[in-house]
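Undergrad: I'd like to ask you about the structure that follows.
Every number here is computed from the coordinates shown, using simple stated rules; none is lab data. Since the model is a prediction, treat every value here as computed from it, not as a measurement. Methodologically, a virtual Cβ is constructed for each residue, glycine included, from the backbone with ideal geometry; neighbour enumeration extends over all protein chains shown.
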Amino acid sequence: MPAQLSDTLTTPAAALRREGFLGQAQRFSRDPLGMLGLILVTLIILAAIFADILAPYGPAAIDVKARLAAPTFEHPLGTDQLGRDVLSRVLYGGRIALEVALVCISVSLGLGLVLGMLAGYGPRWLDNALILIFDAVRSFPVIMFALAVVTLVGPSLETIELIIIVTSIPGYARIVRTQTLSLKNNEFILAERSLGAGIWRVLSVHIMPNVIGPLLILASMDVPVVVTIEAGLSFLGLGVRPPTPSWGSILNDGYAFIRNTPWLVIAGGVPLILTTLGFTFLGEALRDIFDPKLRKG
Amino acid sequence: MAELLTVQDLVVRFRTMGLFKALVRGVRDPFIDAVLGVSFAMKSGETFGLVGESGSGKTTLGRAINGLVTAQAGSIRFDGQEVLDLGEKALKPIRRDVAMMFQDPVASLSPRLTVRSLLTEPFRIHGLHDRDLNGEARRLLGLVGLNESFFGRYPHELSGGQARRVGVARALSLSPKLIIADEPTAGLDVSVQGEVLNLMARLQRELGLTYLVITHNLPVIRHISDRIAIMYLGRFVETGPTGTVFRRPYHPYTKALIAAVPEPDPDRRREIIKLTGEVPSLAKRPKGCEFHTRCPFAQVKCRTETPQPQQMADGHWVRCHFPLAAPTADAA
């Protein structure tokens, strides 16, 4: 898969592509931060997938006798104010965080890709209209927008996902639009049009493969952003509803009981930090290898 | 033989600024005429050459015939059918019959497709799924002297000459009647240029193709065309059979162009017309004869009156008030 990430528009990337997949893997393995990111991301994803096997208890199982307990052999990360095992909740919370990230990023990436290509390739008025909408959406402060929507619709996982999707489409769409604009008048597009290719064929067969690379790198760097928004809203009580575990609500519990135990804050905060670091390192390493020109603005 | 392509008084205009900007600046006509009142006809099986400097509108003219740019006025009849006002959908069958070759051999191939996919793409576009696509691709590669070992290659893995051959093969894929070749030799070294031209000539003989060749390369055009037209600022200044135009140019511009081609024989004496100055901007098209700003023989009449085309010999037209009279020294 990563072999397809490179970008034809940049000559260094074209040169790199000739090294083939092995050469790129070798370059990647020489980047210590990138390797660290890859390891962290793999561990986090594995932990989320196998949460029900790894977790010693159910995420909502209550052990009334041991409330706010410090770590023991029975509860490796202690328990919360209701006596629920924190390790289990952290593992299941990771599931929620990654699920939100996966759903939101794939949906907004897909929509952003289509809208961006339409804006770049379509008629001028469509471009202007779409750009106006993108910029209007981008100009909302995300958290304020989220608070307003949650107040109107009520907090739920779907609401969070909707908010994140709506606010991240413009970022992807803008990147795709710029790339499409620069490809639009290339001779190979003219050549396909002169053969009679319609707009959908040109977009899906000839433009998409050339814009998708940088987009996937950007998406991997956006995972921590989405995870943090989910955790942030859940921390504020506007996200995932209890008793569903989320890193944000674990943090919030920890905040409320910080005088009794520090373990809740640590258990909710460390996975957030590791996820952010892991995906950022991975994304930056991928970017440096495949697309040195792309810098997130 | 019936005319395959007839172009009448074709005008292609490009907008230079938006409506609002033009209104604010008080520009009444925010357009430039890239092609202005061009007429010609092509017979089936002939090669028509279009010559001119950069910006003379020759590429635009070629693209207008295929519908890649929209013409504002005039008429383009292909095989008896008017193409000018057709929408994208109605153009599709026409585009099967009019294939194009583009200037840059490598950049005109979609970079993420293999040679095999590039060659089968035309069949997919036109929904011809019942054909044996691999067989067709093999046949096309064979036509241009390449073989199946190229199937898996990407455009960046091809040399300029190979990419040009793939471009020719793609242009041939739907058995077109007319091929518009925009600078078929650009970016190739001279030996490869020769190969490509010979290949094109052979395919014309074997498949009965009609070519519209667009180039600024006079030796190339002299080598392959039956008739040529010289373009200057979107107009034809001279049209005629290739041999006659080269031997006996009537327009000073044509003569200057021919004189500017390097001559391998140092002893040969030539009458040279030196052109001074630059090609005027299309936005500030000179009044009268467009060429008067650079013409060494310009007179008062040239500044005010636009010359009309006049026939000097059979099929040899020139658009000049004072066509060159004296036979030229390098008449061969």
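Undergrad: Please express the shape of the range B:59-111 as an equivalent ellipsoid: the semi-axes are the square roots of 5 times the eigenvalues of the C-alpha gyration tensor, given largest first in whole angstrom.
TA: 22, 13, 10
Undergrad: Something else about it: Can you put B:317, A:125 in order, fewest other beta carbons within 10 Å first?
TA: Ascending Cβ contact count within 10 Å gives the list A:125, B:317.
Undergrad: Using only the alpha-carbon atoms, how far is helix B:88-97 inclined from the longest principal axis of chain B? Give it as 0 to 90 degrees, nearest 10.
TA: Between the helix axis and the principal axis of chain B, the angle is about 80 degrees.
Undergrad: Could you put A:35, A:221 in order, starting from the residue whose Cβ has the fewest other Cβ atoms within 10 Å?
TA: By the 10 Å Cβ count, ascending: A:35, A:221.
Undergrad: Filter B:43/B:301; B:92/B:284; B:274/B:301; B:89/B:287; B:21/B:284 down to the pairs with a C-alpha to C-alpha distance above 30 Å, please.
TA: B:43/B:301; B:92/B:284; B:89/B:287
Undergrad: Moving to a separate point now. So for chain A, Kirkwood radius off the Cα pairs, Stokes-Einstein at 10 °C and 1.306 mPa s: how many µm² s⁻¹?
TA: 75
Undergrad: Now, a different point. Averaging sequence separations of C-alpha pairs under 8 Å and six or more residues apart, then dividing by the length of chain A, give the relative contact order as a whole percent.
TA: 29
Undergrad: Give the share of C-alpha pairs in each 5 angstrom bin for the range B:31-135, from 0 to the last occupied bin, in whole percents, shortest bins first.
TA: Spelled out per bin, shortest first, that is 2, 9, 17, 20, 19, 16, 11, 5, 2, 0.
Undergrad: Related question: Which listed residue (A:244, A:146, A:197) has the Cα farthest towards the positive end of the charge dipole for chain A, taking +1 on Lys and Arg C-beta and -1 on Asp and Glu C-beta about the Cα centre?
TA: Toward the positive end, the furthest listed residue is A:197.
Undergrad: Check which residues have an amide H placed less than 5 Å from residue B:5's amide H, if you skip close sequence neighbours.
TA: B:42, B:79
Undergrad: Moving on. Springs between alpha-carbon pairs under 10 angstrom, Gaussian network model over chain A: which of A:116, A:196, A:213 fluctuates most?
TA: Looking only at A:116, A:196, A:213, the largest GNM fluctuation is found for A:196.
Undergrad: Taking springs between alpha-carbon atoms closer than 10 angstrom, which of A:203, A:132, A:238 fluctuates most in the Gaussian network model of chain A?
TA: Maximum among the listed residues: A:132.
Undergrad: Can you bin every Cα-Cα distance in the protein assembly as shown into 20 Å intervals starting at zero and give me the percent of pairs per bin, rounded to whole numbers?
TA: Going out from 0 Å in 20 Å bins, the protein assembly as shown shows 16, 37, 27, 15, 5, 1 percent.
Undergrad: With the Cα gyration tensor of the range B:1-74 giving a ≥ b ≥ c as the square roots of its eigenvalues, does the rule (a/c under 1.5 for rounded; else a/b larger than b/c for prolate; else oblate) give rounded, prolate or oblate?
TA: Judged from the Cα gyration tensor, the range B:1-74 comes out prolate (a/c at least 1.5, a/b above b/c).
Undergrad: What value, in deg cm²/dmol to 500, does the helix sum -39500 (n - 2.57) over DSSP H runs of n ≥ 4 give at 222 nm once divided by the residues of chain A?
TA: -23000 deg cm²/dmol
Undergrad: Please list 3J(HN,Hα) in residue order for the range B:119-125, calculated via the Karplus relation 6.51 cos²θ - 1.76 cosθ + 1.60 where θ = phi - 60°; whole Hz, with x for glycine and proline.
TA: For the range B:119-125, the Karplus curve yields 7, 8, 3, x, 5, 5, 4 Hz.
Undergrad: With +1 on each Lys and Arg Cβ and -1 on each Asp and Glu Cβ, how big is the dipole of the protein assembly as shown about its Cα centre, in debye rounded to the nearest 20?
TA: Using Cβ point charges on Lys, Arg, Asp and Glu, the protein assembly as shown gives about 1380 debye.
Undergrad: Would you mind checking which residues have amide H under 5 Å from residue B:31's amide H? H placed 1.01 Å from N; only 5 or more apart, or other chain.
TA: Here B:16 satisfy the definition.
Undergrad: Here's another thing I want to ask about it. Taking just the alpha-carbon atoms of chain B, what radius of gyration and Dmax come out, in angstrom?
TA: 21.2, 66
Undergrad: Follow-up question, since we're still on this one. With charges only on Cβ, +1 for K and R and -1 for D and E, what is the dipole size of the range B:249-332 about its Cα centre, in debye, rounded to 20?
TA: 460
Undergrad: What is the order of B:117, B:159, A:139, fewest Cβ neighbours within 10 Å to most?
TA: A:139, B:159, B:117
Undergrad: For peptide A:195-204, what's the mean number of Cβ atoms from other chains within 10 Å of each residue's Cβ?
TA: 5
Undergrad: Let me ask another. By the gyration tensor of its Cα atoms, with a ≥ b ≥ c the square roots of the eigenvalues, what is the shape of the range A:23-176: rounded for a/c under 1.5, prolate for a/b over b/c, or oblate?
TA: oblate
Undergrad: List the DSSP H helices in chain A whose Cα atoms stretch 27 Å or more along the helix axis and whose mean Kyte-Doolittle hydropathy is at least -0.5.
TA: A:86-121, A:157-184, A:208-235, A:263-290
Undergrad: Now, a different point. Within the P(r) computed for the range A:95-248, what percentage of the Cα pairs occupies the region above 28 Å?
TA: Counting every Cα pair in the range A:95-248, those more than 28 Å apart make up 29 percent.
Undergrad: Using every alpha carbon pair in the range B:249-332, what percent of pairs falls into each 5 Å bin from 0 up to the bin containing the largest distance?
TA: Reading upward from the zero bin: 3, 13, 22, 22, 19, 12, 6, 3, 0.
Undergrad: Relative contact order for the range B:1-92: what percent, with Cα pairs under 8 Å and sequence separation of 6 or more?
TA: Computed over the range B:1-92, the figure is 38 percent.
Undergrad: Cα axis of helix B:190-207 to longest principal axis of chain B: angle in degrees, 0 to 90, nearest 10?
TA: 70
Undergrad: Normalised by the residues of the range B:160-308, what does the relative contact order come to in percent, with Cα pairs under 8 Å and at least six apart?
TA: Contact order relative to length: 14 percent.
Undergrad: Using a 10 Å cut-off around each Cβ of peptide B:107-118, what is the average number of partner chain Cβ atoms that fall inside?
TA: Taking all residues of B:107-118 together, the mean is 5.
Undergrad: I would also like to ask the following. Averaged across the residues of B:96-106, what count of C-beta atoms belonging to other chains lies within 10 Å of each residue's C-beta?
TA: 3
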